[in-house]
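Take a look at the structure below.
The values are calculated or read from the model by the stated rules, or taken from the named source; none is laboratory data. In this text, all values refer to a predicted model and were calculated from it rather than measured experimentally. We place every Cβ from the backbone using ideal geometry, glycine too, and count neighbours over all the protein chains shown.
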Amino acid sequence: MPRLRPLPTSLTLLGLLVMLGLSAVSVHADGRGSRLSADDVRRLALPALETALSPCTIKDVHVQSALRVPRGELKVSAEAVVPRRSGRVPARVVFAIGQTISRVNTSVTVECPEPIVKPGDRVSIVAYAGPVRASVPGEATQVGRVGDLIRVRNLLSGSSVMGRVMADGSVEVSLR
């Protein structure tokens, strides 16, 4: 499936027509508003779904129905739980125009990166304070992919802290 260019999540219907070109999206206007086809809904939902399902990569989005929207500024957001494995996941796309909110249920096929940290793995817990880097040995207590927040146990003190998994397998914690 070809990658679609990301769209801003807040735009007017007229701006959408200008950005995508009249042939790229079919909007059927009448006195009550506009009708977006299922394919148009998919195109508009894709950037919000990519954000909601990060770090997974979207392979396919299935939308079953068209959507009628009133005239005005369109804001698109998505609600989804990031899966631990690749496969099909449910998601909800929210279209808001003024006080009108429409929710569209979708089915999204995603490919997720493998976790690089598993419970029991030895990790380096790293903290930065300006130019100073401090690290202590730790043990992961949760599964984590790059960018995930996981709980780790400091092996020296026995305390448990939350940190972000880094590409090298270390876990970075923030100092308050």
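Brief remarks on what is shown
- Under the condition of being assigned to a strand (DSSP E or B) and charged (D, E, K, R), the residues counted in region 85-114 number 4.
- The residues of region 138-157 that are under 12 Å from D121 (Cα atoms) and among the acidic types (D, E) amount to a single one, E139.
- Output for region 34-47, where each listed residue is within 9 Å of the chain's Cα centre (by Cα) and within 14 Å of S107 (Cα to Cα): none
- Count of region 118-148 residues, restricted to those that are closer than 25 Å to K59 by Cβ and either modelled with pLDDT of 95 or more or part of a strand (DSSP E or B) (or both), is 1.
- For region 149-172, filtering for residues that are part of a strand (DSSP E or B) and under 23 Å from L53 (Cα atoms) leaves 9.
- Residues being surrounded by fewer than 15 Cβ atoms within 10 Å (Cβ to Cβ) and in contact with a Ser or Thr (Cβ under 7 Å, 6 or more places away or on another chain) - total across region 93-105: 0
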